Amino acid sequence: MKKLIVVSHPEKWKIAVDNIAVISAQDYLTNSEYSNLKKARVFNLCKDYSYQSKGYYVSLLAEARDHRAIPTVKNIVDLNQPKLVKIVADDFDDLIQKSLKNIKSKEFILSVYFGQNVAQKYKELSTMFFRSFQIPFLRIHFNFTTKWHIKSIRAISESEIQEDHKESMYLFASEYFAKKRYDTAKSSAAEYDLAILVQSGDPAPPSNVKAIKKFTELAEKMNFYVEVISPKELSRLSSFDALFIRQSTEVNNEAYAFARKAQQEEIALIDYPGAILKCCNKVYMAEALQNANIPTPKTVIVHKHNKEEVLKITGLPCVLKSPDSTFSFGVKKAKTVEEYNELVNSMLKKSDLIIAQEFSFSEYDWRIGVLDNEPFFACKYYMAKGHWQIYNWDASKKDDQDGNADCLAIEDVPKKVMDVALRSAKLMGLGLFGIDVKEVDGEALVIEINDNPNIDAGVEDRFYGDEVYIKILSALKNRLEKK
C-alpha cells in the first residue's frame with residue numbers, strides 16, 4: 001500500500017521518511033494521479049483542519065477514494081465537538097487527575113506528537129488523547145479549579161511546535177511512520193427504549209408531525225418505549241437503547257453529536273455518523289460516485305485554480321452546489337458566464353471546494369428509499385411550480401414551495417433507475433438513504449444520496465402505508481438483537 005504524507009507546504013517539511021512520498025494538499029485534491037490511486041494510506045498533516053478547508057477535504061476525499069486516512073473526517077469533526085470532548089474527559093477523568101496531580105500551577109498545556117509527549121511521565125495520557133482523536137499534532141489546555149478540567153483541545157501545525165520539542169517530534173514521527181499498524185433506566189413494560197430526535201422549528205423537517213406520531217404508535221405496538229427528545233437532551237441519550245434521528249442532519253449541528261455518542265455507546269442507531277459526514281458533503285459524494293462509475297450529470301469539483309475551465313465541461317446553464325447544501329438550500333443555477341463567475345467567487349469564499357454540474361432538465365426526480373441496502377419505497381417528486389428544483393424556498397406562497405409527489409410500487413420503478421439507486425446506496429454502507437435519480441435522454445443519472453430522507457405521512461407512505469414505518473423500526477430492533 002502506497003503511503004502519502006500530505007502537508008500544506010512540502011518545501012517546508014523537514015521529516016524525511018523512507019518509502020513515503022510527501023505531497024501538497026493541493027496536489028492530493030486536484031491531481032488525477034492520486035484520485036485514481038487504488039490503495040493508499042494518507043497521513044494528513046495539513047496546517048488547518050477547519051470545516052471545508054483543504055485539510056478537511058484531504059481526509060474527506062481520501063475516504064471517497066477508499067484510501068485510509070489519518071486523521072479521518074470523524075476525527076477532525078470530533079475535535080470540534082465540545083460535547084464529544086466532554087465525553088472523553090468524563091471517561092478518562094481518573095487518568096487525567098492521576099497524571100496531573102503533581103503540577104503546582106493552575107494551568108497546564110500538554111503537546112502530543114504522534115501519540116507521545118517529550119516527558120515520559122505523560123506517555124499514558126498522551127496515548128489516550130491520540131487514540132481518542134487520531135490527530136498527529138495535538139495541544140490540550142488544562143485548568144485547575146477543584147480538580148483538573150480540559151479547557152480546550154486543538155490541532156496544531158508543525159510551525160507551532162516549539163523549537164526544543166522538534167528533535168523529539170522528529171523521533172516520534174520516524175517511529176510512527178515505521179509502524180505496520182496504526183491504532184486507531186428502562187420501562188418495565190417495554191422491551192427496548194427508543195429516542196426519536198426532533199428539532200422544534202426545523203425549516204425542513206425530515207418527518208412531519210403525523211409521521212412522528214405514526215412512528216411512535218407503531219413502535220409502542222412493537223414493544224418499544226418511545227420518547228421524542230430535543231437537541232438539548234444529549235445528556236439523556238445514554239438511558240435509551242435506540243436512537244432514530246428525525247431532525248435535519250449537518251456536520252455542525254446537534255444531530256451529528258447524537259449520532260457519534262450513540263455509536264460510541266453502542267446504542268442502536270439510524271443513521272450512522274459516517275453517513276452524515278459523507279452524504280452532507282457534495283464533494284465527497286461527487287468523488288465517490290465518479291470512482292464507482294455511477295452515471296451522474298457532468299460534474300466538476302471546483303477550486304480557485306480550475307474555475308475558469310469548468311464551463312467547458314458543464315456548459316450553461318450550470319448548477320452550483322455548496323458542499324453541505326441540503327433540501328435545495330445552497331444550490332444555485334447560473335444561466336450566464338457573469339452569473340457563474342459571481343456565484344463561484346462568492347461560494348469559494350466559504351469553502352475551498354464546491355461542485356459544478358451540468359443542468360439536466362426533468363419534470364420529476366425519482367426518490368428511492370433504501371434501508372440497509374434494500375428498497376422499501378419509491379416516489380416521483382415533481383418540480384415546484386414554475387421552478388427548476390423540487391423546493392423553491394423563495395416562493396411567495398407556502399403551497400408553491402414544493403412540488404407534488406406520486407408514490408408507487410417498487411416493482412414499477414424502471415430497472416435502470418433502481419439499479420443505480422442501489423449501487424449508490426451501497427457506497428454509503430448500511431443505513432437509511434434516499435437516492436435521487438433523474439431520467440435524461442434514456443439514461444438514469446444519480447443526482448444525490450440523502451442520509452436523512454423524508455418520511456412524511458401522506459407522501460412516502462402513500463403506497464405501502466404502515467409498512468414503511470415498520471421496516472425502519474424493525475431495522476432498529478434487528479440492530480439491538482444483534483448486539
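Nothing in this text is a laboratory measurement; each read-out follows from the coordinates by a stated rule. Computed from a predicted model, the values in this text were never measured in an experiment. So basically every Cβ, Gly included, is an ideal-geometry build from the backbone, and we count neighbours across all protein chains shown.
Whole-Hz Karplus values for segment 277-293 come out as 4, 6, 6, 7, 10, 5, 5, 4, 4, 4, 5, 5, 5, 5, 5, 8, 6 Hz, taken residue by residue from phi with 6.51 cos²θ - 1.76 cosθ + 1.60 and θ = phi - 60°; glycine and proline positions read x.
Since only N373, T299, L237 are under comparison, the one whose Cα sits farthest along the positive direction of the charge dipole of the chain, derived from C-beta charges on Lys, Arg, Asp and Glu, is L237.
Inter-part distance, segment 21-68 to segment 87-114, computed on C-alpha centroids, equals 32 Å.
By the Kirkwood approach, averaging reciprocal distances over each pair of separate Cα atoms, segment 2-160 gets a hydrodynamic radius of 16.6 Å. By the equivalent-ellipsoid construction on the alpha carbon gyration tensor, segment 1-53 comes out with semi-axes of 17, 16, 10 Å, ordered largest to smallest. By the scheme Lys and Arg +1, Asp and Glu -1, what is the net charge of all other residues having a beta-carbon under 14 Å from that of P297? Residues close to P297 contribute a combined charge of -2.
Which of the GluC sites (Glu not before Pro) found in segment 230-284 are loop residues per DSSP with 13 or fewer other Cβ atoms within 10 Å of their Cβ?
Numbers: sites: E233, E250, E254, E265, E266; in loops: E250, E265, E266.
Hits after loop and neighbour filter: E265, E266.
For G431, the residues whose modelled amide H falls within less than 5 Å of its own, excluding neighbours fewer than 5 places apart on the same chain, are D372, N373. Global size of segment 211-289: 13.9, 42 Å for Rg and Dmax (C-alpha atoms, Rg to one decimal, Dmax whole).
Taking only C-alpha pairs under 8 Å that are 6+ residues apart, what is the relative contact order of segment 282-344 in percent? Here the relative contact order equals 27 percent.
Report the local net charge at R41: Lys and Arg +1, Asp and Glu -1, summed over other residues whose C-beta lies under 10 Å from its C-beta. Working shown, then result.
On the way: positive: K2, K3, K39, R68; negative: none.
The answer is +4.
Counting every alpha-carbon pair across segment 268-370, the share separated by more than 17 Å comes to 56%. Rg/Rh, computed from the Cα trace of the chain with Rh as the Kirkwood radius, has the value 0.99.
The translational diffusion coefficient of segment 78-228, from Stokes-Einstein at 4 °C and 1.567 mPa s with a Kirkwood hydrodynamic radius over alpha carbon pairs, comes to 68 µm²/s.
Take every Cα pair under 8 Å whose residues are at least 6 apart in sequence, average their separation, divide by the length of segment 186-345, and the relative contact order is 18 percent.
Each residue of segment 82-88 is assigned a 3J(HN,Hα), and the resulting list reads x, 5, 6, 4, 5, 4, 4 Hz, derived from the Karplus form 6.51 cos²θ - 1.76 cosθ + 1.60 (θ = phi - 60°), x at Gly and Pro.
Throw me the Rg/Rh for segment 56-97, computed over C-alpha atoms with Kirkwood Rh, two decimals. It would help to have the intermediate numbers written out before the result.
Numbers: Rg = 13.5 Å, Rh = 11.6 Å.
Using Cα coordinates only, the ratio equals 1.16.
Just so you know, the Cα atoms of segment 247-302 work out to an Rg and Dmax of 13.8, 41 Å. Fraction of C-alpha pairs exceeding 10 angstrom in segment 134-174: 75 percent, rounded to a whole number.
The calculated pair-distance distribution of segment 89-158 uses every alpha carbon pair, bins of 5 angstrom beginning at 0, and gives 3, 17, 31, 29, 14, 5, 0 percent.
In terms of packing, defined here as the mean over residues of other Cβ atoms within 10 angstrom, the peptides 282-289, 417-424 line up highest first as 282-289, 417-424.
Using Stokes-Einstein with the Kirkwood hydrodynamic radius over Cα pairs, what translational diffusion coefficient do you get for segment 436-478 at 10 °C and a viscosity of 1.306 mPa s, in µm²/s rounded to a whole number?
On the way: Rh = 12.5 Å.
Result for D is 127 µm²/s.
Looking at segment 12-78, the trypsin sites (Lys or Arg not before Pro) that sit in a DSSP loop and have at most 14 other Cβ atoms within 10 Å of their own Cβ are K14, K38, K39.
Rounded to the nearest whole Hz, the Karplus-based 3J(HN,Hα) values (6.51 cos²θ - 1.76 cosθ + 1.60, θ = phi - 60°) of segment 336-346 follow the sequence 10, 4, 5, 4, 4, 4, 5, 5, 4, 4, 5, with x at glycine and proline.
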